[in-house]
Each structure stands twice: as C-alpha cells, then as structure tokens.
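Chemist: Dropping the structure in here first, questions after.
The values are calculated or read from the model by the stated rules, or taken from the named source; none is laboratory data. Since this is a predicted model, take the numbers as computed values, not measurements. Cβ coordinates were reconstructed from backbone atoms using ideal geometry, including for glycine residues, and neighbour counts include every protein chain displayed.
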Amino acid sequence: MAESRTLKPERPIRRFDVFAEYRKQEEEEKGLSEDEAMGYGLWVAKVVASRKFGGAKAHDRDDDGHASDEEREKARRKRLVDGKWHALDGEPQTDALFEKEIVERMGRAFYQRTFAPAIEDARTSGKSYESIRDAIRKGWKPN
C-alpha cells in the first residue's frame, strides 16, 4: 500500500478525470459492463464540460412516459453506436477512448493503484462527486 502513496500521475489530474471515473463506477454499480461504463463515463463528462462552456444541448429523454422498461432500453440502444456507445461529433465514446484520454494520460500504474481505488473509497463512503472533486486530487501532482 505504501507504493500507491508514492505513485505520481504523469499529468495533472483534472476535475474531468474525477467526474468520468466517478460516473463510470456508478454505472458499473448499476450493472453496466465495464467497457460500456467507461464509454459512458467519458461521454457524460464531455457533455457536462461542454455545457459549462455553452456547447452541447441537453440529451433527449428516453421516453414519453408510456413505454415499458424494455421498450425504453431498446430505443436507447438503437440511438447508440454499435448498441453501446454514445457519440460526440460523430466519434463513439468507447472504453478504448477512456483508456487513452483518462488512463494513459495519468499513467496506468497511477490509475490502477491510486486513482480508481481512491474514487471507489470515496463513493463507498457515501461522498458525492462535488464533495471530492478538488480535495481528492490535491496531493496528486505530476513528477
């Protein structure tokens, strides 16, 4: 465990990274597969970030209130690339893109041994994203 405390990220950790991982873990907890959860976490982080800067519009509702859960899920999957990926500007937000834009950016060892476990610990302690987004990354400075 001491090793994880000495690991440093390769690049600064952003609120964006924390939010994407937090949402990824939430979706996994709800039963989404890891690959889909990674793509979803990245997609939703980008949508939220673009809204902050006046970009993306709110995403469409899944139903009109009258569809069954199964019908809503079918309709949702139909809007996704390959039935599992949300797209932004025509680019599917996949697990591979999450790996590139989040994991590889900070370094795989740091992500696996420090970052993801810290987010998981915060979540299981009942902490909201808003309560951890700055404090959790305070000591994580690149080499």
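Chemist: With the requirement that a residue be among the small types (Gly, Ala, Ser) and within 10 Å of Gln93 (Cα to Cα), what does the range 33-50 give you?
Modeler: Gly39, Gly41
Chemist: Name the residue that is nearest to the chain's Cα centre (by Cα), counting only residues in the range 88-108 that are within 19 Å of Trp140 (Cα to Cα), surrounded by 15 or more Cβ atoms within 10 Å (Cβ to Cβ) and not acidic (Asp, Glu).
Modeler: The qualifying residue nearest to the chain's Cα centre (by Cα) is Ile102.
Chemist: Restricted to the range 111-121, and to residues that are touching a Phe, Trp or Tyr at 6+ places or on another chain (Cβ under 8 Å) and either over 20 Å from Trp43 (Cβ atoms) or not aliphatic (A, V, I, L, M) (or both), which residue is surrounded by the fewest Cβ atoms within 10 Å (Cβ to Cβ)?
Modeler: Thr114
Chemist: Something else now. Report yes if some residue within the range 66-78 is charged (D, E, K, R) and at pLDDT 95 or above; otherwise report no.
Modeler: No: the range 66-78 contains no residue that is charged (D, E, K, R) and at pLDDT 95 or above.
Chemist: Give the range 24-36 a look and list any residue that's free of Cβ contacts under 8 Å to residues at least 40 places away in the same chain and surrounded by 20 or more Cβ atoms within 10 Å (Cβ to Cβ), or say none.
Modeler: none
Chemist: Looking at Lys52, Lys24, Lys30, which one is at pLDDT 95 or above and farther than 18 Å from Lys100 by Cβ?
Modeler: Of the residues listed, the single one that is at pLDDT 95 or above and farther than 18 Å from Lys100 by Cβ is Lys30.
Chemist: Still on this model: Filter the range 112-143 for residues that are under 16 Å from Leu7 (Cβ atoms) and either without any contact (Cβ under 8 Å) to a residue 40 or more places away in the chain or touching a Cys at 6+ places or on another chain (Cβ under 9 Å) (or both) and give the result.
Modeler: Within the range 112-143, Gln112, Ala118, Asp121, Lys138, Gly139 qualify.
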